[in-house]
Amino acid sequence: MTLWSGRLGGGLADEMAAFTASLGFDRQLWQVDIQGSRAHVAGLRAAGLLSDAEAEALLAALGDVGAELDADTFVFLDSDEDIHTAVERRVTELIGSTGAKLHTGRSRNDQVATDLRLWTRHAIGTLVDAVLDLATTLHEAADRAGDAYLPGYTHLQRAQPVLLSHHLRAHAWALLRDAERLADADARADSSPLGAGALAGSSLPLDPTVAARALGFSTTFHNSIDAVSDRDFVAEVLFCAALCGVHLSRMGEELVLWTSAEFGFCELDDRYSTGSSMLPQKKNPDAAELARGKAGRLIGNLTGLLATLKGLPLAYNRDLQEDKEPLFDSVAQLRGALGALRGCYATATFNTEAMAVAADDDDGVAVDLAEWLVVRGTPFRDAHHAVGVLVAQAHERGIRLRDVVAAEDGFDDEALSLFERGGAVRRRTTPGGAGPLPGTFQRAALDAAIDAARSRASSLTRATAES
Ligand code: ARG
């Protein structure tokens, strides 16, 4: 029987039922659906629409249905179009006409919007934890890197030496922004739509703040149409996931490059590598590649939802059912990528000797040589040109830059000492720079930033746990 059998006869055609059903994916909303229904019962009771005995019976039945779903003993029927229908159907089976009061003053439109906000807020909490775990792992890998350095690249051409710790921490800062962005998204997801009804509120004396409080939302809606139509919170989380996915993709690409024989900067632990079914010698960085590959899917989920939303007239439209699969998918895929990359970084070995050899290329000192001239009064443009000419000579003659400099007037032993092994990275002394001196401050700043993000994250998790 359909929920609307009073108005429409005969039930749904099979292909219509199959096409419109969402149970296949929205059953993972069962916990938040029961949570939402419990809060709705509190609202109905506070409004005097349920007696205490009826409310207790409903709460007990919802508890029983939750236990069945938890134990996987819940029997779904073909007529259960979605999880919301299934839960209500079972409650009514258990307690009869009292169960039939559960949906008083409520529509699936405000119900599904509420459930999805609850689910999203919980997902944000778990994602922020996973993002911060990866940031912490990078921070720890940076500590283990000590004073190792490698070439920093621009245009994937060697540019200037940088500490490996500095490079690894660059990724951690991006992740901290991801965590912040997700927590910001939570602030906007933190509004309860329950009580908006189908779109216009109710004639019954329901106070939406009762359910909102019971669910841990700090606010409720000012406009019932907006409350049931708004999926900004889904789009925001999909954007946060897509951007974080882009960050992970860049890390993945870097690991792919660094583990190649051509770079030889990094070796992944066997547990985070795969072999080949044909080539016995292969050791492949599949986790890094998939972290890169998943970014396409995360971006697709975001653009797909935006395209779904763009033409919708107010208020609820069935198109909105398409919000869930991209959301569930992005959260699951991002969580997977965060965990796998965390394992890669926690167990990877960096070949710091190969990095140093690449970084000690004389050309990495070119700008220091120009700045050495600047300190002695040469305008930078002139110094840049003069050193550029020397670099060109070294390349033409196939000799080291230091040997060209040694033969040049105007450069003394002090200039030549710039080529000392590791000197170029030690000279990066400005705040936020790539050398050991600012590195100490950066380390402390990142420590503090991760701590602050963790305490913000723990209040997120608390908000969902209390609800
Ligand atoms: N499964 C639907 C969804 O996810 C539930 C809402 C259906 N509402 C309706 N008025 N047909 O959007």
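A few notes on this one:
- For the residues 314, 279, 309, the requirement of being within 16 Å of the ligand (Cβ to nearest atom) and outside any helix (DSSP H, G or I) singles out 314.
- Of the listed requirements (1) within 16 Å of the ligand (Cβ to nearest atom); (2) part of a helix (DSSP H, G or I); (3) surrounded by 19 or more Cβ atoms within 10 Å (Cβ to Cβ); (4) of a type outside the set (Phe, Trp, Tyr), residue 322 misses just one: (3).
- First in the range 120-136 and on the phi < 0 side of the Ramachandran plot and in a helix (DSSP H, G or I), second anywhere and among the aromatic types (Phe, Trp, Tyr) and surrounded by 21 or more Cβ atoms within 10 Å (Cβ to Cβ), Cβ under 6 Å, 6 or more apart: 120/233
- Condition met for residue 120 (under 33 Å from the mean Cα position of the chain (by Cα) and within 13 Å of the ligand (Cβ to nearest atom)): no
- The range 198-211, residues that are out of contact with any helix residue (DSSP H, G or I) (no Cβ under 6 Å at 6 or more places or on another chain) and either assigned to a loop (DSSP other than H, G, I, E, B) or closer than 19 Å to residue 315 by Cα (or both): 202, 203, 204, 205, 207, 208
- Among the residues of the range 330-340, those identified as crowded, with 19+ Cβ neighbours inside 10 Å and either under 14 Å from residue 241 (Cβ atoms) or near the ligand (Cβ under 9 Å from one of its atoms) (or both) are 330, 331, 333, 334, 337, 338.
- Residues that are within 14 Å of the ligand (Cβ to nearest atom), of a type in the set (Ser, Thr, Tyr) and more than 18 Å from residue 28 (Cα to Cα), drawn from the range 80-114: 107
- Filter pass, residue 289 being more than 16 Å from the ligand (Cβ to nearest atom), more than 30 Å from residue 109 (Cβ to Cβ), without any contact (Cβ under 8 Å) to a residue 60 or more places away in the chain and within 18 Å of the chain's Cα centre (by Cα): yes
- Qualifying residue in the range 141-148 (condition: assigned to a helix (DSSP H, G or I) and surrounded by 24 or more Cβ atoms within 10 Å (Cβ to Cβ)): yes
- Filtering 300, 343, 364, 304 for residues that are farther than 25 Å from residue 228 by Cα, assigned to a helix (DSSP H, G or I), out of contact with any Phe, Trp or Tyr (no Cβ under 8 Å at 6 or more places or on another chain) and not acidic (Asp, Glu) leaves a single hit, 364.
- Note on the range 1-30: residues that are within 16 Å of the ligand (Cβ to nearest atom) and part of a helix (DSSP H, G or I) amount to 13.
- Within the range 202-220, residues that are surrounded by fewer than 20 Cβ atoms within 10 Å (Cβ to Cβ) reach partners that are part of a helix (DSSP H, G or I) and not hydroxyl-bearing (Ser, Thr, Tyr) with beta carbons closer than 6 Å, at six or more positions or on different chains, in the pairs 216/463; 216/466.
Quick note: the coordinates plus some simple rules give every number you see, no bench work behind them. All figures in this text were calculated on a predicted structure; none of them were measured in a lab. Glycine also receives a Cβ, built like all others from the backbone with ideal geometry; neighbour counts cover every protein chain displayed.
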